[in-house]
Amino acid sequence: METLTKEELLKKAEQPAKEAERLHPYYQGKVSVSLKAPVRSYDDFAIWYTPGVARACKMISENPEYVWHNTNKANFVAIVTDGTRVLGLGDIGPEASMPVMEGKALLFKYLGGVDAFPICIKEKNPDKFIEIVKSLEPTFGGINLEDIAQPKCFTILEKVRQGMNIPVWHDDQQGTATITYAGLVNACKIVNKSIGEIKIAMVGGGAANVCILRILIKGGVKPENIVLCDSKGILSTSRKDLEEKKVELKEKWWICQNTNPQGLAGGIKEAMTGADVLISASAPGPDIIKPQWIQAMNKDPICFTMANPIPEIWPWEAKEAGAKIVATGRSDFPNQINNSMGFPAIFRGVLDVWAKTVTDEMCIAAGNSLAATAEKKGMSEERIVPTMVETDAFVEEAVACGLAAIEQGIARRKLSEKELRDSAEEKITRAQREVKLMMDEGIIKKAD
């Protein structure tokens with residue numbers, strides 16, 4: 001970053017959007033269905049379809065658990081959205097959410113070897129949406145809820161999980177929390193601060209930060225050292241607007257009751273003053289966070305500005321203001337704090353053990369695995385977490401999640417650490433080799 005001028009950095013930051021506008025219509029989407037069983041001759045149709053397939057069906061009918069053996073259920077994930085909160089674009093509808101969900105499916109496959117399908121539902125009523133999602137259970141081994149507005153995203157996650165025997169999670173919550181926790185663990189090591197003593201200013205009261213706060217507390221951060229600021233100001237028990245809606249907004253009211261014991265009031269500026277860490281998951285920038293607010297933080301401040309597609313402040317501006325470590329949600333800047341480092345491997349792990357759910361403890365295990373991988377390979381101010389090109393990081397993360405599921409008693413099958421590692425390596429490597437082969441053979445066309 002230091003070798004480029006501000007103008008060059010800004011031009012570079014604008015390039016992905018320009019390429020996306022050109023390449024999305026060229027490829028007409030990013031995912032398709034490919035075969036995993038061979039077609040050696042005409043006779044194989046009788047095995048994979050009628051009449052032979054009837055025997056596979058009867059086996060499942062006689063013992064429903066055979067669906068995990070006889071089908072691809074153990075590798076199918078549904079990416080489900082209503083399109084009400086897509087990236088930083090807001091309620092743009094289910095059709096407009098499709099490029100994001102397809103991109104998610106691409107990452108699922110390439111980084112985790114998971115077969116994921118975009119399911120964009122034209123239904124804003126939470127109860128009806130929940131009913132639709134629950135009805136998908138026979139086909140899928142996991143559900144990834146995505147880009148759903150709050151507060152209904154909390155209720156939807158809670159109610160969809162009830163009565164379902166497959167992992168269900170909201171990636172904007174748990175996925176983002178996992179990688180944020182991993183990044184914070186290593187950032188604290190670099191600046192020589194204890195995660196149990198740091199003071200954190202959180203900007204944004206959406207689903208991501210609410211869950212990040214919960215995971216960070218489970219990971220060792222003291223709740224009394226956290227101040228969270230939403231669009232109306234700092235959260236505290238004096239926020240009557242939240243007290244009046246404490247049933248509807250129970251998560252935010254819990255934050256009011258359990259953080260900011262000094263009753264600090266004001267806005268972002270006041271929340272950041274004297275903080276060691278900024279974790280911002282708010283509106284797209286670049287002028288949401290001011291340089292002078294970073295200057296008012298404690299020595300060697302850590303700044304996670306994770307809004308997409310534009311961070312709340314450009315990273316070079318945060319550095320100029322004195323930030324020691326800067327992270328964003330983008331892959332074209334150092335230190336990408338983005339859920340793409342979480343969901344592919346976490347689902348790889350839980351699918352391989354046929355888990356019944358996914359827990360916060362598994363997110364902590366995944367975060368610790370990511371932090372350990374980055375530390376083992378060498379940390380720096382511009383490398384606090386692994387990147388998406390590091391296949392071994394995803395393998396280790398999958399193993400950690402699978403082992404955590406087994407330890408918590410929510411796995412249908414128990415695999416050894418070696419079996420989990422072999423499974424993850426095989427599936428992830430196969431997916432990446434398949435893409436390379438199709439590119440080499442021209443099946444995936446090269447864009448001019």
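The values are calculated or read from the model by the stated rules, or taken from the named source; none is laboratory data. In this text, all values refer to a predicted model and were calculated from it rather than measured experimentally. Positions of Cβ are generated from backbone atoms using ideal geometry, with glycine treated the same way; all protein chains shown enter the neighbour counts.
Just checking, does region 116-137 include any residue being in contact (Cβ under 8 Å) with a residue 24 or more places away in the chain and of a type in the set (Ser, Thr, Tyr)?
No, region 116-137 contains no residue that is in contact (Cβ under 8 Å) with a residue 24 or more places away in the chain and of a type in the set (Ser, Thr, Tyr).
Filter region 236-282 down to residues that are polar (S, T, N, Q) and within 16 Å of Ala296 (Cβ to Cβ) and give me whichever is nearest to the chain's Cα centre (by Cα). Don't jump to the end; show me each part of the working.
At the first step, the residues of region 236-282 found to be polar (S, T, N, Q) are 236-238, 257-260, 262, 273, 280, 282.
Cutting the leftovers down to within 16 Å of Ala296 (Cβ to Cβ) gives us 273, 280.
Details: Thr273: 29, Ser280: 15 Å.
Looking at the filtered set, the residue picked out is Ser280.
Quick test for you: out of Glu434, Glu419, pick the one residue that is more than 21 Å from Gly342 (Cα to Cα) and surrounded by 15 or more Cβ atoms within 10 Å (Cβ to Cβ).
Details: Glu419 fails: more than 21 Å from Gly342 (Cα to Cα).
Result: Glu434 is the single residue among Glu434, Glu419 that is more than 21 Å from Gly342 (Cα to Cα) and surrounded by 15 or more Cβ atoms within 10 Å (Cβ to Cβ).
Only residues in region 250-261 that are crowded, with 16+ Cβ neighbours inside 10 Å and of a type in the set (A, V, I, L, M) count as the first member; pair them with residues that are modelled with pLDDT of 95 or more and not in a loop (DSSP other than H, G, I, E, B), Cβ under 6 angstrom, at least 6 apart or cross-chain, and list the lot.
Short answer, once both residue conditions are applied: Ile255/Leu228.
Can you name every one of the helices (runs of 4 or more DSSP H) wholly within region 71-186 that holds 3 or more residues which are under 25 Å from Leu420 (Cα atoms) and in contact with a Gly (Cβ under 6 Å, 6 or more places away or on another chain)?
Details: elements: 94-112, 126-134, 152-161.
Output list is empty.
Tell me which residues, restricted to region 148-182, are within 16 Å of the chain's Cα centre (by Cα), more than 15 Å from Lys124 (Cα to Cα) and among the small types (Gly, Ala, Ser).
Pass one, region 148-182, residues within 16 Å of the chain's Cα centre (by Cα): 148-149, 153-154, 157, 167-182.
Narrowing the set further to residues that are more than 15 Å from Lys124 (Cα to Cα) leaves 167-182.
Once the filter is applied, which keeps residues that are within 16 Å of the chain's Cα centre (by Cα), more than 15 Å from Lys124 (Cα to Cα) and among the small types (Gly, Ala, Ser), region 148-182 yields Gly175, Ala177, Ala182.
One residue is enough: does region 34-56 have a residue meeting the conditions under 30 Å from Ala96 (Cα atoms) and without any contact (Cβ under 8 Å) to a residue 12 or more places away in the chain?
Scanning region 34-56, I find at least one residue that is under 30 Å from Ala96 (Cα atoms) and without any contact (Cβ under 8 Å) to a residue 12 or more places away in the chain, so the answer is yes.
Go through region 246-299 and give me each residue that's among the small types (Gly, Ala, Ser) and closer than 17 Å to Gly204 by Cα. Step through it out loud before you land on a result.
Narrowing region 246-299 to residues among the small types (Gly, Ala, Ser): 263, 265-267, 271, 274-275, 280-283, 285, 296.
Those that are among the small types (Gly, Ala, Ser) and closer than 17 Å to Gly204 by Cα: Ala265, Gly266, Gly267, Ala271, Ala275, Ser280, Ala281, Ser282, Ala283, Gly285.
Looking at (1) crowded, with 16+ Cβ neighbours inside 10 Å; (2) assigned to a helix (DSSP H, G or I); (3) of a type in the set (S, T, N, Q), which is the only condition Ser236 fails?
Exception for Ser236: condition (2).
Does region 187-211 hold any residues that are modelled with pLDDT of 95 or more and buried (at least 24 other Cβ atoms within 10 Å of the Cβ), and which are they?
Ala187, Ile200, Ala201, Met202, Val203
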